[in-house]
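Notes for the one structure printed next.
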Amino acid sequence: GLVPGVYTYNVYINGLCRQNNVEAGITFTISTEELGYKPNIITSNMVLEVLCNGGKLNRASELMTEMEMKVMRLHLRTYKIMINGLLSRGEIIEAFCLLKKV
């Protein structure tokens, strides 16, 4: 049979996130890690964006910290997602501090 890879998992996680089932997407991401598949930056950015758009900035900040701890190289898109999320909630100082990191 076919063996799923990170692309297949990204499609599935994206579907969960689009159905506003972000926690299931995060749980599935963790379970894929246990199977030996490391989520890539695309996976993390998808989940991060849904969290920010849903107003779950605390969870988004936790995810970004986890990404950094896993030594995942963050893209400009990652910072853009988080900065936009912070600005949408009026957290200008936090957004500025994050912008300085870029």
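The values are calculated or read from the model by the stated rules, or taken from the named source; none is laboratory data. All values derive from a computational prediction rather than experimental measurement. Heads up: the accessible areas ignore ligands, DNA and RNA and are worked out on the full protein's heavy atoms, side chains in. Shrake-Rupley method; radii C 1.70, N 1.55, O 1.52, S 1.80 Å.
The table for this structure:
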{"read-out": "Hits among lysines - C-alpha to C-alpha of residue 101 under 19 Å, sequence gap 8 or more where chains match", "value": "70, 80"}
{"read-out": "Largest-first principal axis extents, alpha carbons of the chain, Å", "value": "51, 28, 17"}
{"read-out": "Between helix 57-69 and the chain: long-axis angle, C-alpha atoms, 0 to 90°, nearest 10", "value": "70"}
{"read-out": "Helical contribution to [θ] at 222 nm, DSSP H n ≥ 4, -39,500 (n - 2.57), averaged over the chain, rounded to 500", "value": "-23000 deg cm²/dmol"}
{"read-out": "Relative contact order of the chain, defined on C-alpha pairs under 8 angstrom at six or more residues apart (%)", "value": "21"}
{"read-out": "Share of carbon and sulfur in the accessible heavy-atom surface of the chain [1.4 Å probe, %]", "value": "58"}
{"read-out": "Area of residue 8 that stays accessible when all protein chains are in place (1.4 Å probe, Å², to 10)", "value": "70"}
